[in-house]
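Chemist: Once you've had a glance at the structure underneath, I'll fire off some questions.
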Amino acid sequence: MKLKLLLPFLLVLGSAFADHHQPNFVVIFCDDLGYGDLGAFGNPTIRTPHLDRMAREGQKWTQFYSADPICTPSRAGLLTGRYPIRSGMTSKQRGVLFPDSSGGLPQEEVTIAEVLKQKNYATATVGKWHLGHLPQHLPMTQGFDSYYGIPYSNDMARIKGAPNYRQGAEDPDYLQDTNDFDVPLMENEEKIEWPANQNTITKRYTERAVQFIEKKKKQPFFLYLAHSMPHIPLYASEQFLGKSIRGLYGDVIEEIDWSVGQVLDTLRNFKLDTKTIVVFTSDNGPWLAFKTHGGSAGPLRAGKGTTFEGGQRVPTIFWGPGRIPHRVVDGMGSTIDLLATIASLSGTKAPDDRKMDGYDLSPALLGEGKSPREEFFYWNRARLHAVRSGPWKLHFYQNEPVNYSRYQKLDKPELYHLEKDISEAYEVADENPDMVAYLTQKAKMHIQHTADSTPDQVGARIPDFEYRR
Ligand code: MG
């Protein structure tokens, strides 16, 4: 009888316990958003009230790295918790996957979505995938229940004879016909619109994201919302077009900011805000070759495609009212850490049968300690370019800041103190020979530790591939 009386109480206690240990996760991942493109990160002319509020309520991380300075490997690193060299998702042959690529994220790789399936999370991805567009590589083969989005970059498959977008990059308001880019919009395995109407794509991703949250509000869920903007070509829906004094790029960011507001408001409306952890970040730095159509890395040197800070340090905000106390975190973190962190917060298990590179950031997020990440390895196109330990960063290779496909091996490695010199402006190798020796050794050990990596999955092509138009 006593137990019977206690049972409802125990059930309530049990569900509170389950809630605590099984929060929902939303990862909002932008494409080519720079460190200096948000109000909360110092942009003076792009208005981002929702992201600014998210940063005020949550945690702004000022030294947070994407796994790689370009799209495909960056995404592989985020979803697997491993440097992309390990999964073969980086290549000396080609930077990223293209429509004629035959490869993709290997089936053996374990993604965040697959980890969360241990506890029956509902999983969805909305937006850009870019980890293989053939059926054997689509999101549903990697733990996602559903997919709505474009399979590769929004500028791929420009139709024959259409203007080169680069020509318009002189004009901050230049808008090219969205039909010039023959990129499909997919729902699960089907192409449902081809070419995708990119004018409304951010809005439609947002609607899908909100619908998913509404539908799954009663069970733990994971939403990976990977915006295809602000990667060029830039598009914004009518409500935002021509509104930002920053020009079209500003319109695009302000629409993404609106989108973040919609997601957070939906969580608040369903009282899921205290049961959900939201992460906002970017896959790499701004694409500087496109001038005002590319973003800003703020005080950081260079941008996308480079292993300077502007290529990989990305504006990152964590939000989880009641769970994640407000603060600005200047410890290091990386998208590579999200898998270990999410596994820890959800009470699931990260893979232990392979080499993992992520750290569990939850002590720092929950306000219980410091970030455990003390080092970062900067890979670019299957080559280790630089290594960071504490505040020190040593470069072995460097890309050209704008034409980033050009790189050089440095005759003499360059050393920078990133906390005293955020812009990598003052080279101090000669003054610190012991640190140069230490970091050189650290890089050698890391290269040895990755020597058993999966061979290149990005370089392979579909034989006799023809574009549709
Ligand atoms: Mg990108």
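The values are calculated or read from the model by the stated rules, or taken from the named source; none is laboratory data. These figures come from a predicted structure and were not determined experimentally. For neighbour counting, all protein chains shown are included, and Cβ atoms are generated from backbone atoms with ideal geometry for every residue, glycine included. To get the accessible areas, we keep the full protein, side chains included, count just its heavy atoms, and leave off ligands, DNA and RNA. Shrake-Rupley method; radii C 1.70, N 1.55, O 1.52, S 1.80 Å.
Chemist: For segment 69-176, with all protein chains present and a 1.4 Å probe, just round the carbon and sulfur fraction of the accessible area to a whole percent.
Modeler: For segment 69-176, the apolar C and S fraction of the accessible surface comes to 51 percent.
Chemist: Taking amide H atoms as placed 1.01 Å from N in the peptide plane, list the residues 5 or more away in sequence, or in a different chain, whose amide H sits under 5 Å from that of Ile150.
Modeler: Answer set, sorted by chain and number: Gly127, Lys128, Trp129, Met186.
Chemist: How would you classify segment 306-435 from its alpha-carbon gyration tensor, with a ≥ b ≥ c the square roots of the eigenvalues: rounded for a/c under 1.5, else prolate if a/b is greater than b/c, otherwise oblate?
Modeler: Judged from the Cα gyration tensor, segment 306-435 comes out prolate (a/c at least 1.5, a/b above b/c).
Chemist: Tell me which residues come under 5 Å, amide H to amide H, from Val26 once H is placed; ignore anything under 5 positions away on its chain.
Modeler: Leu223, Ile277, Val278, Val279
Chemist: While we're here: With θ taken as phi - 60° and the coefficients 6.51, -1.76 and 1.60, list the Karplus ³J(HN,Hα) couplings across segment 454-465 in order, rounded to whole Hz; mark glycine and proline as x.
Modeler: 5, x, 2, 9, 9, x, 6, 10, 6, x, 6, 5
Chemist: Students sometimes get this wrong: rank Arg158, Arg268 by accessible area, probe 1.4 Å, all chains present, largest first.
Modeler: Sorted by accessible area, descending: Arg158, Arg268.
Chemist: Roughly how many percent of the accessible protein surface of segment 375-460 is carbon and sulfur, given a 1.4 Å probe and a whole-percent answer? Don't jump to the answer; show the numbers that get you there.
Modeler: Working: 2340 of 4490 Å².
After summing per-atom areas, the C and S share lands at 52 percent.
Chemist: Follow-up. Based on DSSP H runs of at least 4 residues, each adding -39500 (n - 2.57), what is the mean residue ellipticity at 222 nm of the chain after dividing by all its residues, to the nearest 500 deg cm²/dmol?
Modeler: Computed ellipticity for the chain at 222 nm equals -8000 deg cm²/dmol.
Chemist: If I require 30 Å or longer along the helix axis, counting alpha carbons, and a Kyte-Doolittle average no lower than -1.0, what helices from the chain are left? Use full DSSP H segments.
Modeler: In the chain, the long hydrophobic H runs are 248-269.
Chemist: Also: Does the chain classify as rounded, prolate or oblate by the C-alpha gyration tensor (a ≥ b ≥ c root eigenvalues; a/c under 1.5 gives rounded; else a/b over b/c gives prolate, otherwise oblate)?
Modeler: rounded
Chemist: While we're on this one: Before I look further, what does segment 402-469 give for accessible area per residue, probe 1.4 Å, in whole square angstrom?
Modeler: Result: 72 Å² of accessible area for each residue.
Chemist: Using a 7 Å offset from the Cα along the Cα-to-Cβ direction at both Phe270 and Asp177, what is the distance between the two label points in nm, to one decimal?
Modeler: Each label point is offset 7 Å from its Cα along the Cβ direction, giving 4.0 nm.
Chemist: Place the peptides 444-456, 120-132 in order of packing, highest mean first, counting for every residue the other Cβ atoms within 10 Å and averaging per peptide.
Modeler: Descending packing order for the listed peptides: 120-132, 444-456.
Chemist: Further question: By average Cβ neighbour count within 10 Å, what is the ranking of 427-438, 193-204, 377-388, 73-84 from highest down?
Modeler: Details: 427-438: 13.6, 193-204: 19.0, 377-388: 23.0, 73-84: 29.4.
Going by the mean number of other Cβ atoms within 10 Å, highest first, we get 73-84, 377-388, 193-204, 427-438.
Chemist: Using Cα pairs under 8 angstrom and six or more residues apart, how large is the relative contact order of the chain, in percent?
Modeler: Once normalised by length, the contact order is 25 percent.
Chemist: Moving to a separate point now. Measuring with a 1.4 Å probe in the full set of protein chains, what accessible area per residue, in whole Å², belongs to segment 36-90? It would help to have the intermediate numbers written out before the result.
Modeler: Details: 1170 Å² over 55 residues.
Result: 21 Å² per residue.
Chemist: Label 7 Å along Cα→Cβ of Lys291; segment 145-177 residues with amide nitrogen under 18 Å?
Modeler: Within reach of a label on Lys291: 163-177.
Chemist: Rounded, prolate or oblate: pick one for segment 375-460, where a ≥ b ≥ c are the square roots of the eigenvalues of its C-alpha gyration tensor, a/c under 1.5 means rounded, and failing that, prolate if a/b is larger than b/c, else oblate.
Modeler: Verdict is oblate for segment 375-460.
Chemist: With the crude spin-label approximation of a point 7 Å out along Cα→Cβ, what separation in nm comes out for Ala162 versus Met445?
Modeler: A separation of 4.9 nm, rounded to one decimal place.
Chemist: Run the simple label-point estimate for Lys215 and Trp194 please: 7 Å along Cα→C-beta, distance reported in nm.
Modeler: For Lys215 paired with Trp194, the spin-label model returns 2.3 nm.
Chemist: Using each residue's phi in segment 92-105, evaluate 6.51 cos²θ - 1.76 cosθ + 1.60 at θ = phi - 60° and report the 3J(HN,Hα) Karplus result to the nearest Hz, with x for Gly and Pro.
Modeler: 7, 6, 9, x, 9, 6, 10, x, 8, 7, 9, x, x, 4
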